[in-house]
Amino acid sequence: MKITNLLQETENILKEYGKTWKDIRWIGSEDWGWFDWFDFVVVAQNDYCDRDVQVASDLVVVGDDWWLERWEDESGLSGWAFKTLPKRPKMRVVPTRVMMWKNEPYYLWDLKPMNDEDYIKNEIQQLKEKDGYFETERKTAIEVYTNKEVENE
């Protein structure tokens, strides 16, 4: 049974990622409200055991371009996960799909394997044979969203 102190746990992960309490903009929950570091210090300097105490699952600590969010595994262990805004990749790609049947192997559920040409070669060929499907669908999507923007202005 591991005893943890929420304040120390928070300070440790901040230090691990080169942050301090001064880098925090707010703490709280998007659905409930926010408070500052000093309010957090008052309520977080308690020891707890994951098996006996539930830290609020929607508790976040937010900085300018990063945040901490709570995680919990099947065994009940929990902690902070450090998150940053995703950086835009250098390579521009054109997806052939962004969804997949759940009966497909789970290791194909990310964009890269979903769009792997070797894996979906036959499907791409079949779609290309359908009168330029991709070009037609892309033009339609552009027209629909462009018209929506014009209508909303």
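The values are calculated or read from the model by the stated rules, or taken from the named source; none is laboratory data. Not measured: the values here are computed from a predicted model. Using ideal geometry, Cβ is built from the backbone for each residue, glycine included, and neighbour counts are taken over all protein chains shown.
Structural remarks
- Within segment 87-109, restricting attention to residues that are modelled with pLDDT under 75 and closer than 30 Å to Ala56 by Cβ, the residue that is surrounded by the most Cβ atoms within 10 Å (Cβ to Cβ) is Trp109.
- Taken over segment 20-33, the residue count meeting the criterion of being basic (Lys, Arg) and either under 29 Å from Glu74 (Cα atoms) or assigned to a helix (DSSP H, G or I) (or both) is 1.
- Looking across segment 21-42, the residues that are surrounded by 11 or more Cβ atoms within 10 Å (Cβ to Cβ), at negative phi and of a type outside the set (D, E, K, R) come down to Trp21, Ile24, Trp26, Ile27, Ser29, Trp34, Phe35, Trp37, Phe40, Val41.
- Number of the exception - Val93 against (1) under 30 Å from Met114 (Cβ atoms); (2) out of contact with any helix residue (DSSP H, G or I) (no Cβ under 9 Å at 6 or more places or on another chain): (2)
- When residues of segment 56-86 are limited to those that are surrounded by fewer than 17 Cβ atoms within 10 Å (Cβ to Cβ) and polar (S, T, N, Q), the one farthest from Thr10 (Cα to Cα): Ser75
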